[in-house]
Structure formats: C-alpha cells, structure tokens
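Asks: Before I ask anything, here is the structure I am working with.
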Amino acid sequence: MKLPPLKIGPFTAAIPLVQGGMSIRVSTSALAAPVADCGGIGTIGGSAIPVEELQADIRKAKSMTKGVVAVNIMYAMKNFHNLVMGSIEAGVDMIVTGAGFSRDIFKIGRETNTPIVSIVSSPSFAKLAEKMGAAAIVVEAKEAGGHLGTDVALRDLFPEVRKVVTKVPLIAAGGITNGFEMAEMMDKYGADGVQIATRFVMTEECSVGYAFKKAMLDATKDDITLIHSPVGLPGRALKTPFVKRMLAREDLKTKTCEYKCLKKCDHFYCISERLMRASEGNFEEGLFFSGENVDKLHDILTVKQVFDQFVTQAESVYKESSAPYRS
C-alpha cells in the first residue's frame, strides 16, 4: 500500500521520511536539497555554524529544490536565538530543535509563521511541546546517533509518547535502517513518519570526507560506544582513536576555546573542534556520531537510491491498519 504524505504546518512531504539534521557540516544543502527533491524533508544541521554561512546554505538549498527544507539547531547553542532568526530570515521552511527545551521558540514560530518541530525523548516533554505549539514532534530513542535524551529503546518509548500526543504528527527516530522498519513504526506503532540520519551519511551527496563514510561502512557493533559530551548529555559515537583516549580518561582539554559555542560547557574537550575534524574525515582526531545500528548498513548509495529502497520496502508491507497507539 502507498505510504501517506507527511504534513507539518502548511508543508507536505510526499514521502513521510525526514532526514536528520547532523552537525557540524554533515547535513548541508548538498544533502538536504536532494532529500527534499525526492519528496522527503531535507534538514541542514545548523548548530555551531556561523549565522551568515548557515543563511547562505539555506538559500542555496532553497534554490536547488522546491521541496521542504528544515534546519536543526540545538537549544544548547549559545547563539541559538540568532541561528533561529537568521534561518527564518533566509527562508527556511521549518525549525527543528532538541538538546534542551525552549519555550520562546514557539512564540517565534507563531510570530513568523514558521513551524517548530520538537525533538523529545519522553512523554512529558512531548506533551509539553504539543501544548506549547509544536507543529510536529520527533520521538528520538536510545538507538539514535549523537546526543541522547534517553536510554529507552524506540519500540518501548514510542507507544508511551503516542498515548499523549493527539493533535500533531509524531515522527519516530533512532536506529531505523530500512523500509521494513519504517513501515513497522508507521503501521504497528502509529508513527506519522520516520526520521533517519546515519543512513544519509553514507550517501554520495553527503559532503563529509570519505574517511567518515568508510569508518561507518567498516563499523561493527563493538565499534559503537557511549561518550559524555560537553553539552551535558551522553552521545553515541564510533570508537575512534580520539574516543578511545577519552574513554581512557586522558586529558583532552585545550588551553583555549576557539568556538565558545555552548550556553553551558563542561569543557573537558571541545566538541565543535572534534565534530569539525570528523566532517573533514580526520579519523584519528574526530568525533564521529553514529546510530546504534550502523553495522546493518553496507553500502554508499545516492539519496534517490535510499528513497527508492525505503519506499519499495515499506510499501511492500505497509497496511495502514488500525495501529494500537495512533490517536
């Protein structure tokens, strides 16, 4: 059966698939625009990017596609407000935000007619986001890459959130690697769509260095670990030489901080510096965020091939039955 579209505010994605917004310079216009062109929601990672650079990349993406383009900005960023306002000024379609909870963002959304999509990891925050005016909610579980707000698995967490969110689209995220899992989350658990990130790193269009993609291609279950981030949250990443030194409690603190990117920073290493090195493909010194199930991915595809694969697989089993948790 054909998958339903995903409607968020005034925008409709023909395919209910959201590309996760990965920073720093992992999700750029080079990736977001092809995703939007394929009918999904393409997301630029806006955290720790200079406002002018982010605006230019949004405008570039919008010039490349007529599809839906979003920007993901962590609330933990010191210049969160400037990044949000700069993105709206540049013409982004919607703002996606997590790693903390902003009440003010919903007022900005109302005043500028910009849909706000909240990333949450608990029923309580999901309920609050809906009440405050979120246009959609992403439920991100422990299988996700990057910063994590929970240690609960997606198939345990999502039903609990589905019970309390009744008015806006609810999107499942964390560890989804194929269209069969996409259909499962929509058909059985009542998701209105899914968000996927790691799979899109391993595409030809993603602009990270090849060493980043190769590290993911070669990763096994044993190569994935949890680390502590200066953001104040645990994160899931590849066990690179840098991460191994961190786990061994080596002193990794730099004498000065060039970025000063976080509102509150437990500065035992500079996360912006390490994420930048990862995007450049520096395997020795980079911090490579990755989803828990990266070992299931074995090839580098084009964005179109990813969409074709997910849609074909999902529609071969999707039944749009009366899912037990859908409102």
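The values are calculated or read from the model by the stated rules, or taken from the named source; none is laboratory data. This is a predicted model, so every value here is computed, not measured. For neighbour counting, all protein chains shown are included, and Cβ atoms are generated from backbone atoms with ideal geometry for every residue, glycine included.
Asks: Among the residues of region 147-168, is there at least one that is surrounded by fewer than 18 Cβ atoms within 10 Å (Cβ to Cβ), more than 19 Å from the chain's Cα centre (by Cα), free of Cβ contacts under 8 Å to residues at least 24 places away in the same chain and assigned by TED's automatic domain parsing to the domain that holds Ile88?
Replies: yes
Asks: Can I ask one more? Give the number of residues within region 32-71 that are at pLDDT below 95 and under 12 Å from Thr97 (Cβ atoms).
Replies: Going through region 32-71 one residue at a time, the tally reaches 2.
Yes or no, residue by residue, for (1) of a type outside the set (D, E, K, R); (2) surrounded by fewer than 24 Cβ atoms within 10 Å (Cβ to Cβ); (3) touching a Ser or Thr at 6+ places or on another chain (Cβ under 7 Å):
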position: Val51; (1), (2), (3): yes, yes, no
position: Ala56; (1), (2), (3): yes, yes, no
position: Arg59; (1), (2), (3): no, yes, no
position: Tyr75; (1), (2), (3): yes, yes, yes
position: Val84; (1), (2), (3): yes, no, no
position: Glu89; (1), (2), (3): no, yes, no
position: Ile95; (1), (2), (3): yes, no, yes
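Asks: Cβ-Cβ under 9 Å, sequence separation 6+ or interchain: first residue in region 88-107 and at positive phi, partner among the charged types (D, E, K, R) and part of a loop (DSSP other than H, G, I, E, B). Which pairs?
Replies: Partner pairs satisfying both residue conditions: Gly100/Lys263.
Asks: Still on this model: Do you know which residues across region 193-229 are buried (at least 18 other Cβ atoms within 10 Å of the Cβ), over 21 Å from Asp151 (Cβ atoms) and in contact with a Lys or Arg (Cβ under 8 Å, 6 or more places away or on another chain)?
Replies: Once the filter is applied, which keeps residues that are buried (at least 18 other Cβ atoms within 10 Å of the Cβ), over 21 Å from Asp151 (Cβ atoms) and in contact with a Lys or Arg (Cβ under 8 Å, 6 or more places away or on another chain), region 193-229 yields Val201, Met202, Cys206, Val208.
Asks: Residue under question is Glu111, and the condition is that it be under 20 Å from Pro234 (Cβ atoms), surrounded by fewer than 23 Cβ atoms within 10 Å (Cβ to Cβ) and not basic (Lys, Arg); does it hold?
Replies: The answer is no for Glu111.
Asks: Any residue in region 226-236 that is among the aliphatic types (A, V, I, L, M) and modelled with pLDDT of 95 or more?
Replies: Within region 226-236, one or more residues are among the aliphatic types (A, V, I, L, M) and modelled with pLDDT of 95 or more.
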